[in-house]
Amino acid sequence: MNTTGGTSDRPVAGQKSGPALATPKGGQPAAPSAPDEPRGPSLPWIRPVRPSEIAQVAALDEKIFGNLAYPFFVLRQLYDVHQDDLLVLEDEGLLRGYSIGAKGATAGLGWLLGLGVEPASRGLGHGERLMRASFDRFADHGVDRVRLTVDGENAAAVGLYQKLGFTLLQEVEDYLGPGESRLLLEASVPAVTGRPPATRVRNRGQPDL
Ligand SMILES: CC(C)(COP(=O)(O)OP(=O)(O)OC[C@H]1O[C@@H](n2cnc3c(N)ncnc32)[C@H](O)[C@@H]1OP(=O)(O)O)[C@@H](O)C(=O)NCCC(=O)NCCS
């Protein structure tokens, strides 16, 4: 694992029904449309991954994260569990990035499990678009808070998360194994999406974390 930041870190322990479309940089996701709706060939768009594309996502992940990449079989099973929450960004007919959000076991808490943009497509707003699309899905799932972990030296990712309003909860020593400490960050879903908080009926005896 590369701890110098850059490309080898991933949000560990950490997306609205239907596809989320590409958004203006820094803006809200556009209204959903059908996955196969015709669109301009040069417009980047974000949509749920197709099962037939999981191998492509695995290859992209390996390009981005190297030895920390999710193997194909893990991505396959993440897809089985999280389905449309595994988002990809397609541009010029190629997959350029992906994000994986997951509703956690604690009510209202979600985790961002993966985010990556291919090196040649960085700095174009794709990472932020993917994050916002995942947050929109979190809102659909009734998730109010999202956590992720990041290498504190990964300036690009930390910068992105700061821009979205993530705050530091704690630094977790050896989070990914010996010598691999990570920052545990959290953000409010309504603050990112601009959508109202979810209303939830709390189960009796459920801890309020
Ligand atoms: C992190 C990553 C997803 C960002 O994707 P990106 O498409 O390049 O980022 P964006 O163009 O959407 O940038 C959005 C914001 O992120 C921040 N940011 C992006 N690159 C940055 C950099 N190199 N340094 C500091 N901040 C940066 C900025 O706040 C930027 O907003 P601005 O353009 O208004 O200043 C991308 O660098 C990546 O895939 N890195 C490798 C994988 C990785 O680290 N994933 C996250 C693991 S926790």
Cα-based Rg (one decimal) and Dmax (whole number) for the stretch 45-193, in Å? 14.5, 41
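Return the FRET efficiency for the residue pair residue 171, residue 74: r is the Cβ-Cβ distance, R0 is 30 Å, and the value is rounded to the nearest 0.05. Don't skip to the answer; put the middle values down first.
Numbers: r = 26 Å, r/R0 = 0.86.
So the FRET efficiency works out to roughly 0.70.
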Using θ = phi - 60° and the Karplus curve 6.51 cos²θ - 1.76 cosθ + 1.60, what whole-Hz ³J(HN,Hα) does each residue of the stretch 144-149 get, with Gly and Pro shown as x? 9, 10, 10, 10, 7, 10
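To the nearest 20 debye, what is the magnitude of the charge dipole of the stretch 45-193 about its Cα centre, counting +1 on the Cβ of each Lys and Arg and -1 on the Cβ of each Asp and Glu? Could the numbers behind the result be given before it?
Numbers: 14 positive and 21 negative charges, 63 e Å.
Using only the charged Cβ atoms, the result is roughly 300 debye.
Could you tell me the calculated FRET efficiency between residue 59 and residue 105, based on Cβ-Cβ distance and R0 = 35 angstrom, to the nearest 0.05? Before the final figure, lay out the partial values.
Values: r = 31 Å, r/R0 = 0.88.
The value I calculate is 0.70.
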Could you put 73, 135, 65, 166 in order, starting from the residue whose Cβ has the fewest other Cβ atoms within 10 Å? 73, 65, 166, 135
Stretched out fully, how many nm does the piece from residue 83 to residue 122 gain, at 0.36 nm a residue minus the Cα gap? 11.5 nm
The residues 175, 98, 70, sorted from fewest to most surrounding Cβ atoms within 10 Å, come out as 175, 70, 98
Could you line up 136, 144 from fewest to most neighbouring Cβ atoms inside 10 Å? 144, 136
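No value in this document is a laboratory result; all are computed from the given coordinates. All values derive from a computational prediction rather than experimental measurement. As a convention, Cβ positions derive from the backbone with ideal geometry for all residues, glycine included, and neighbour counts pool all protein chains shown.
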